[in-house]
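A short reminder: the numbers here are calculations on the coordinates, not readings from a lab. None of the values given here were measured: they were computed from a predicted structure. Neighbour counts are summed over all protein chains in view; Cβ atoms, including those assigned to glycine, are modelled from backbone coordinates with ideal geometry.
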Amino acid sequence: MELTKVTNGGALHFKLSDGRMGSTYPTGYVRVTTKNIGYYYTSRINYQINKVKNGARVLIPTQKARLEYLMKFNNKNCK
C-alpha cells in the first residue's frame, strides 16, 4: 500500500497491492475503487467498505483506525 495523494480536505489516497485505489476521509469513511470498469460506467467507481449496522454505515473516528482498516482490507482482499 503506497500513499499517492493528500487532498486539501484531509483525505488520504493509497494505491493498493492489486492496483486499485483506496481512500480514507476525515468524515470517517473508507472507500475503495472497483477492480474493473463497470458495465454501466465508463470508469471505476468508489464503494464504501465501512461495515453496515442497523441500516447505516459505521464511521471510523480516528485516522489511525481508518488506516488500519484499509490495511486489513488490502492484506485480505488485494493479494
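Using the Karplus relation 6.51 cos²θ - 1.76 cosθ + 1.60 with θ = phi - 60°, the per-residue 3J(HN,Hα) values for the stretch 14-20 come to 10, 8, 7, 4, 9, x, 6 Hz, with x marking Gly and Pro. Cβ-Cβ distance of LEU59 and ASP18, R₀ of 25 Å, FRET efficiency by 1/(1 + (r/R0)^6): the value works out to about 0.45. Net charge of the neighbourhood of THR27, taken over other residues with C-beta under 14 Å away and scored Lys/Arg +1, Asp/Glu -1, is +3. Computed over the alpha carbons of the chain, Rg followed by Dmax gives 12.5, 35 Å.
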